[in-house]
1. Rank-order B:431-439, A:193-201, A:56-64, B:340-348 by packing density, defined as the average count of other C-beta atoms within 10 Å over each peptide's residues, highest first.
2. Count the net charge of all other residues whose Cβ sits under 10 Å from the Cβ of A:Ile223, scoring Lys and Arg as +1 and Asp and Glu as -1.
3. Once you average over the residues of A:299-311, how many Cβ atoms of partner chains fall within 10 Å of each Cβ?
4. If we count trypsin sites (Lys or Arg not before Pro) as exposed when they sit in a DSSP loop and have at most 16 other beta carbons within 10 Å, what is the longest stretch of chain A that avoids them all?
5. I'd like the mean, over residues of A:277-286, of how many other protein chain beta carbons sit within 10 Å of each residue's own Cβ.
6. Would you mind pulling out the separation of the Cα centroids of the stretch A:37-92 and the stretch A:265-295, in Å?
7. Take every residue in peptide B:415-425, count the Cβ atoms of other chains within 10 Å of its Cβ, and give the average of those counts.
8. Viscosity 0.890 mPa s, temperature 25 °C: give me the Stokes-Einstein translational D for the stretch A:91-235 in µm²/s, with Rh taken as the Kirkwood radius over C-alpha pairs.
Amino acid sequence: MMTVHTFIDEEPETGPSTTPLKPSKATSDMGDANQWTLIWYKFSRNKLAVVSGFVILFFCLVGLFAEVLAPSVPDASRPQFTNAPPQNLGFFVTDADGSSRFQLHVTGYTMEVDPASLRRSYVVDPEQIVPVGLFVQGAPYKMWGLFDANIHLLGPVNHDDTMYLLGTDRLGRDLLSRLIHGTRISMSIGLVGVSISLVLGVILGALSGFYGGVVDTVIQRVIEVISSMPTIPLWLGLAAAIPLTWSPLMVYFIITLIVSLFGWTGLAREVRGRFFALRGEDFVTAAKLDGSSERRVIFRHILPSLTSHILAVVTLALPTMIVAETALSFLGIGLKAPIVSWGVLLQEAQNVRTIANASWQLVWPAGAVVVTVLAYNFLGDGLRDAADPYEA
Amino acid sequence: MLTSPEMTARTADLDEDVVLEVQDLSLDFRLRTEVLHAARNVNLKLRRGKTLCLVGESGSGKSVTARALMHIIDRNGAIAGGRILLKDQKGDIDIATLDERGKELLSIRGGRIGLIFQEPMSSLSPVHTIGSQIIEAVRLHSRMNKSEARERTIDLLRQVEIPNPDKMVDRYTFEFSGGMRQRAMIAMALASDPDILIADEPTTALDVTTQAEILDLIKRLQESRSMAMLLITHDMGVVAEVADEVAVMHFGRIVEFGSVDEIFYTPKHAYTQRLLDSTVKLEQNRRAATRVETPVGQEIILSARNLTKVYGATKGWLGGKSFALKAVDDVSFDLRAGENLGIVGESGSGKTTLGRMLLRTVEPTSGDVTFFGQEAPVEVTGLSKRGLRDFHRQVRLVFQDPFASLNPRMTVRDIVGDPLVVASTLSGKALDDRVAELLELVGLDPAMRERYPHAFSGGQRQRIGIARALALDPRIIIADEATAALDVSIRAQILDLLLSIQKRLDLSFIFISHDISVVRYFCDRVAVMHRGKLVELGTAEQICTAPREAYTKSLISAVPNPDPRNKRMMHRTRFRA
């Protein structure tokens, strides 16, 4: 016999029946959480994006403290160690009496010159122990261009010894130091370039999206013209026009400007699209009916809804800047020595001989570019997904 | 738990008619921090030739239960217990234990059980013809070649009363109206002669007259094919019109089950009673009871004259004349001070455009709106930006969608206080106090003003919207479908709130709605719109009980009557124009 469940003696329930997954942890009430709390909440559930965020943060810190982190200065060259292979960092050394003790060290090289081809080859010599220490005094530098210092996080204890953890380039310069200094330039060129793009993109996109009509048409046609230009030849032309007499720093700024002048279009389109969508939202109509002026509607109601989206778009635009700079420098029309960037480092790895005999010169800078670009993309994807915490 | 003896007796008699039996079905959904028991120990029996209505408000679990009968469950959900027995000659099949991708289940879905969805636009593909979609469904479940399947499809379309089925079979979805699409969906569900038809809110997206036709059609098809039907709805009126048996669902449980007569005339559970009360309540004119003793003054506060809005009549840039649509056609009316004027019409009748033209968020093509405020009469159509801003302080809008109309990134205090800040009448402590006062006025706890809109339910959000509209002491409030997105019990609460506010403040309302019962409950006078024209204007009682125009008659008679002993919709008058 079937029983019919009718709960007619009871009072109606007031809420849906649920069982918390973690009984100990009471579900926090999100009622007074603002949009950033909600965004963080949603973002933090995307583990890949969070990890990427830490990777980016790590690279930024490396760029910021490049001088201290680098074991040497980027331009110090030792002709006797050209194209030297990477050395391994060892932790224990065996003393003469056979006992082993803790001592950070690298093993030195013995160099052999092939009498026929005159090619140098390096063999690791386990007898030759180069003691390495933390916070050692090394090559002097000017921290952030402000004050003199000579402390390095990691370096040979004896100032005259050498340590090449990632090998050297064709002039005998330490690749690790150059890579660390290159991080500063490559990471910052993205940020500076995107900031310029951001200002242009948000202003023009907002104008275009809010007013529509003729303003929109004009701005959109300009965007189309700009994005239809073939970028590489244009960069080549513009970069070639930079006078050779300019200081490397000036060149750096001009390059960022060139890169960003073509990067803002995507951002502007994104902002315009969002504006179009938001302009039709009921709460914007409500704000207009409340008597808000156009400026107030834009700044008080529309832009706060956009900031998280803009942040996501910016994060996704950064890697294109980095790749653009790398491409320009690789082609030899971007940054020039003595400024070091990942693109400049890759320029060294342009010929087959280097790749065959000193592949570290290709692997490490290219790896840095790949990791950064991927991390930015994962981070940007995560931000984009979290940017609207209110959708179901 | 209670089992009524006569009900058991009756079930025993009819057991061979049972085609599907749900026993103690429980559905769990894993959410972020908790498990939601969307259905708890649900017992249902579907009988051949009978209609079971599963009724409940949003979030009661009625849709997930119905989908679970076909083993369609979202990724994060699972059947936690119970059986779904599909009766078969060879014995019962337990759908709950069938493999998700198994052949057996696929042959049951759309084979023995047909499903009709709520939204006919999104459940039909826009890139295939109606015919090809039905032909596909036909061929999935029977061995037919293409031309046989086509013949069958045309026959199905004829059965669902689509005119010229042999031509319509090659048309695309967008060429069908909402009602026609729903008919096509029904044809698809019938493609394999199912024993059971599950209709999930099949008419919620449709106008009342279309709803009446579709329900009529479903009912007739079900009877002629003696199918068992499970109809899911939130509308007690629909239940009364078509149900044989009713199961009332509340927070995942069937709180009451019985014949339609038992449910409507001797409801036992408090929730059923409450649901019926709020439905039946809307069948009367509450406004007549709350009206102030003195008859509404003859003083006119807003008058519209010959308002017309034409869309798309501009010349194309190649010189060709494009298609023009008269959304609102020569509409004139007066709103008197302290009066509630209802504007009803089906979708596309121009009622929303009319409301927006009164506020000039949509510019009228021609015609005038005059506002008689404290000062000299204001010609709204000729106002400058600044003048319009003053006008908008006195004539406010309450939106339909309580979710889209509140900025999710602002606290309730900022939302409600925004008009006051803009008008720079108040600031600081005074502003805060005024917001608290407004929230209290709409029945919300003023302590909640630091919270964001996402912390509130639909009904509470609508109250916040009303508080915002009241912030500037307006004279007129235009409510555009202000209760359409709310459940029936909340709907009555919001209407009562508006009436009580009106008693305290000197307000007039223009209430735009497609729902005749809401307008009848709330308004003094009602204007009926049809295809942009104002068809009839009269008192609420007259329009609802003694309509004069043919269109109004058909509209009123198509409204489902929540009384199973007096079915109105099935004996409706039809309107052809």
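Read-outs throughout are calculated quantities, based only on the coordinates presented, and are distinct from any laboratory measurement. Since we're looking at a predicted model, the values are computed, not measured. With ideal geometry, Cβ positions are generated from the backbone for all residues, glycine too; neighbour counts draw on all protein chains shown.
1. Details: B:431-439: 17.8, A:193-201: 21.0, A:56-64: 16.0, B:340-348: 23.2.
Order by mean packing, descending: B:340-348, A:193-201, B:431-439, A:56-64.
2. In short, +2.
3. Mean number of neighbouring Cβ atoms from other chains: 2.
4. Working: sites that count: A:Lys25, A:Arg45, A:Arg119, A:Arg170.
Counting at most 16 other Cβ atoms within 10 Å as exposed, the longest clean stretch of chain A is A:171-392.
5. Across the residues of A:277-286, the mean count of other-chain Cβ atoms within 10 Å is 6.
6. That distance is 41 Å.
7. Working: counts 4, 0, 1, 9, 6, 1, 5, 7, 2, 1, 0.
Partner-chain Cβ atoms within 10 Å, mean over residues of B:415-425: 3.
8. 117
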